[in-house]
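The values are calculated or read from the model by the stated rules, or taken from the named source; none is laboratory data. The structure presented is a predicted model; accordingly, all values stated were derived computationally and were not measured. Counting neighbours? That spans all protein chains shown, and the Cβs are built from the backbone with ideal geometry, glycine included.
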Amino acid sequence: MAPIKSSLARTAAKLLGVSKDIDLSLRGTTQSTRHITTGISASGGNQSPGAGIAPGNGYKYHTFTSNGTFTVNSGEGTIEYLCIGGGGAGGGGKYRICGAGGAGGLLSNSPEVPTSAQPRGNATRQPSYSVTPGQYTIEVGDGGAGGQVSTGNIQPGSNTNFYPTPVSHGHPTYIRALGGGGGAGNPNPGSNGGGGTPGDPGGSGGGSTEGGSPPWAFSSNGTAGQGSGGVNPSNGTPGGGGGGGASGLLPDTDASLGHGTPGIQMPAWTGPLIGVPALNPLNGYWAGGGGGGVNSGQPTPSGQGGLGGGGRGNVWPNQREGEMPAVANSGGGGGGGVAHENGSPGGGAGGKGIVVIRYLDE
């Protein structure tokens, strides 16, 4: 059943003399308390009134899978948003089993996001956000480039931004979800017998190469409030570490198998609701870390991508070539690669980010 329309609330407010504390000179405000929505009319992005749910779920969604402009034509009030940075790519290289890419940072003020961090870090709920008439710039971050075969270069994702034009970064209304950290690769044959190489930090951190120490430690940091760190494999385990995701929940047994950290499930932001059918199979999960590269001697299953679009790690020698890229617009991390002398294409590409805005459809 659709929520009760706010027209009754507005009428009551007028009768009671209730006023709203909105500064109309600022087109975006973050605050801890909600105020009455006064019939927002907006344009931009792929618009859907709870697409796939008849007669709708009472909200209008604006979904941006690429750069664009969200324009509030009239009205004012609070919105909910989901902003995810581009995921990092999995590592590649000549000799080592490589780490996975970390998911892009996840920023959202939806009630489905936790209000406090897990011990290993995770995305946390952001403050209420108010809009007034004007333009808001949307910049959707790209995923890190996969296929780093010979260079082994780490490839992080890029940032996703949402802000009222022309506010600059650092202002409270400027929302920036960081790109995910790239998974570690290793192009140097001379270091084949050395210790593991860590991935890069980011919104969520990238995983390390094989040989990481200490076991199951986070080897690259996530960003507080946006995601968790990347993972080292168990010391001596012949496989790469999993990438960090939006959730820090990952048992040590999963870390030892190179699995990516899962993302966060948000049932009010599924593919059908936001009008992106390609995301339907994710069941509302977002920003999962990639799975680390896998040596053929590791237990099965291993190197699984985290729930939320993370790519699977390749298995030496090159047994999962088509499964390594993260899901597009999930912000997931790419799967880790394996030694390229057996035809490996390098690590999987990270998933591009996304911005989704919703408000009561009046």
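Could you list all residues from the range 314-360 that are β-branched (V, I, T) and part of a loop (DSSP other than H, G, I, E, B)? It would help to see each step written out before you state the result.
First, pick out the residues of the range 314-360 that are β-branched (V, I, T): 315, 327, 338, 354-357.
Those that are β-branched (V, I, T) and part of a loop (DSSP other than H, G, I, E, B): V327, V338.
Would a scan of the range 213-231 turn up a residue that is within 20 Å of R320 (Cα to Cα), assigned to a loop (DSSP other than H, G, I, E, B), at pLDDT 85 or above and of a type outside the set (A, V, I, L, M)? Full working, then the answer.
Step one: list which residues in the range 213-231 are within 20 Å of R320 (Cα to Cα), which gives none.
Looking for residues that are within 20 Å of R320 (Cα to Cα), assigned to a loop (DSSP other than H, G, I, E, B), at pLDDT 85 or above and of a type outside the set (A, V, I, L, M), one finds none in the range 213-231, hence no.
Which one of these is closer than 13 Å to I84 by Cβ, touching a residue at least 12 places away in the same chain (Cβ under 8 Å) and aliphatic (A, V, I, L, M): L282, L273? Break it down into steps so the answer makes sense when it comes.
Numbers: L273 fails: closer than 13 Å to I84 by Cβ.
Among L282, L273, only L282 is closer than 13 Å to I84 by Cβ, touching a residue at least 12 places away in the same chain (Cβ under 8 Å) and aliphatic (A, V, I, L, M).
Table: residues versus (1) of a type in the set (V, I, T); (2) surrounded by 24 or more Cβ atoms within 10 Å (Cβ to Cβ); (3) closer than 15 Å to E210 by Cβ; (4) more than 13 Å from the chain's Cα centre (by Cα).
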{"residue": "P233", "(1), (2), (3), (4)": "no, yes, yes, yes"}
{"residue": "G242", "(1), (2), (3), (4)": "no, yes, yes, yes"}
{"residue": "S247", "(1), (2), (3), (4)": "no, yes, no, no"}
{"residue": "P251", "(1), (2), (3), (4)": "no, no, no, yes"}
{"residue": "A268", "(1), (2), (3), (4)": "no, no, no, yes"}
{"residue": "Y285", "(1), (2), (3), (4)": "no, yes, no, no"}
{"residue": "P299", "(1), (2), (3), (4)": "no, no, yes, yes"}
{"residue": "G303", "(1), (2), (3), (4)": "no, yes, yes, yes"}
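Tell me which residues, restricted to the range 180-212, are under 18 Å from D252 (Cβ atoms) and either basic (K, R) or modelled with pLDDT under 70 (or both).
G212
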